[in-house]
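Written below as structure tokens is the structure these notes are about.
No lab work stands behind these numbers, since they all come straight from the coordinates. A quick note: this is a predicted structure, and the numbers were derived from the prediction, not measured. When we count neighbours, we look across all protein chains shown, and the Cβ atoms used for this are built from the backbone with ideal geometry, even at glycine.
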Amino acid sequence: MTWATVLAYAAQVAILAAAGSVLPRLLRLRDAPTLLRYHQLLLLACLLLPVLQPWSHRLVIVTSNVRVGRPTAEFRGFPVFPTFHANDAVLPVLAAGVALRLLWLGIGLWGLRRYRTQSRPLEPLPETVITAQQMTRTCAEVRLCSELPGPVTFGWRRPLVLFPARFLDLPVSSQLGVVCHELIHVRRHDWAFGLMEECISALLWFHPAVWWLNAQIRLSRERTVDESVVAVTAARERYIDALLALSEGTADLRFASAQPFLTRSHLVQRIESLMTWKDGPMSPARLASQCSVLAVALTATAWIAVLTFPLAGSPQVKEDAPNVRMETQSALLHRSRLEYPLAARRLTQRETVTLELNLAQDGSVEDGQVVSGPADVGTAALRSVLDWHFVAGSSKARVSIEYTPSGFLQASLPPATNATIGFDLSNVPEPLMSVVRDRLLRFQGQPASTEVRQEVERDLGSVDKHFTVLWRVDPEMKLYTASPSLGASPPPSFRAPEGISLAAYPNTPGVARLRVGGDLQATKRTHYEVPVYPALAKQARIQGVVRLNVLIDKTGRVSHLELVSGHPLLVPSAIDSVKEWTYSTTLLNGNPAEVVTVVDVNFTLSE
């Protein structure tokens, strides 16, 4: 394995992970269980990429040393010291990284064992724990550990839930949500899955995209469990309060062998997901269509990545000549590589070419002739042996060369022997079609050698430097098909989500209604309640505008609100503020009227 192979594989994983991060957003896929399975399969695909693709193997030609007659005396020269190449360090470096990651994971497991020994049983079990076991239909050993700042779940055959000492100080409603959360982790065997994911991450420790995938898996798993807790307890607000209450002391576990209840990096996203989550399963038809699009898009992306950055395996070493037999006592001192002509690759059976060589006084070959064998193959063989050098003293030499249909050059034209070139111009733009067709016409049906293929690409580049050529090979038809195209296809268009309309305004009998612009109505505001910037939004550095459609009754008070857009962490504060605003009465023909207007509430962080 070489560093070039590692970099090619890293590029493939980066392309696959980049596409995997963008596609769910384009498809607006927010279902947490589906995202969890999606990210797990994406991580597995990154691991199996080297197995699922063909590797290219460079053909290395090695000149055979043919020795005939009495061997020369052994030469004892200077000692040869081993040389070091950068590629020799590939496997040791990768293995060292895997070993360190697994060692870190082992230290984490040892730390969990220490927490277990320092904990004490939670006896008698609080009513909230018993209720949570009944609601989740799951049981696990429950203990208290004073050194833990937050709840932790681990173990497969004997699952254990550790709570911090301050767990008993939480409100009963918060205790119930926390216990249900941990027991659902136990029921889903999340610790075992998390451990397997960490082992995969240890194997791919060198790639940041794998770190990101692992983080997304943990976030999707926690979101899935959060939604299950809310579905079981039917207490969304109290469960969010439990998340906020435990955010002051999240479990600082410097290992990933346990399931912590809360991590600061995921707190905001989990709360945002809970606030926007709607109970009930996603439409099966929509889910199936989204998964189908994801599968097709990721398969196409992986295929492009493999073609763009192919993996190169260890070179295939081949002898440079067919079987050579010397029929004289003339000792051969040096021989060059034998040519394996196209005619020899077309043979249907073994053929032997016999050559009669005339030697000069110094042993070099002056000339020769083909005694027996196919004429076209013999001519090529004779051209090769004219550079050979024999021991001085002989005037003639007789050489027999055996050619087989499966010669080494057959393996150097993968995978179709004697393939010819064809073209697929479906991706060529219409204005360039005639020029490209004229340029490529002379290559149609020619042998698909490396030189001819490079010439095809050079001719296309002279038409437009942005042309890329994708070569497809059909071994059965023995055809190399060139598919030129200009650059990459544009990404699918992305349309921003539309505003959310919650409900229609109720009609007030006998009262007229006007629609007034937000800027104009703002001048008639008589009381303004300053919105409170949510602490959690400040901590997460979230800012933006919350837009509301507002119905003002005939007395000037806000009677109804509709959310148009805004961040979920900012919306409650904006609504609480706007509903306290008052306006001067708007008259229509001398009578008070209702007003529909738009209100923008700005949240901006101070520098």
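Take peptides 227-233, 188-194 and line them up by average Cβ neighbours within 10 Å, highest first, as a rough protection proxy. Don't skip to the answer; put the middle values down first.
Working: 227-233: 19.7, 188-194: 17.4.
Ranked by mean Cβ neighbours within 10 Å, highest first: 227-233, 188-194.
Please report, in whole Å³, the volume per residue of the convex hull around the C-alpha atoms of segment 125-193. It would help to have the intermediate numbers written out before the result.
Values: hull volume 5.3 nm³, N = 69.
So the per-residue Cα hull volume is 77 Å³.
Regarding segment 157-240, what are the three Cα extents along the principal axes, ordered largest first, in Å?
Principal-axis extents of segment 157-240 (Cα, largest first): 45, 27, 22 Å.
Using alpha carbon centroids, what distance separates segment 564-607 and segment 167-192, in Å?
Value for the Cα centre distance between the two parts: 40 Å.
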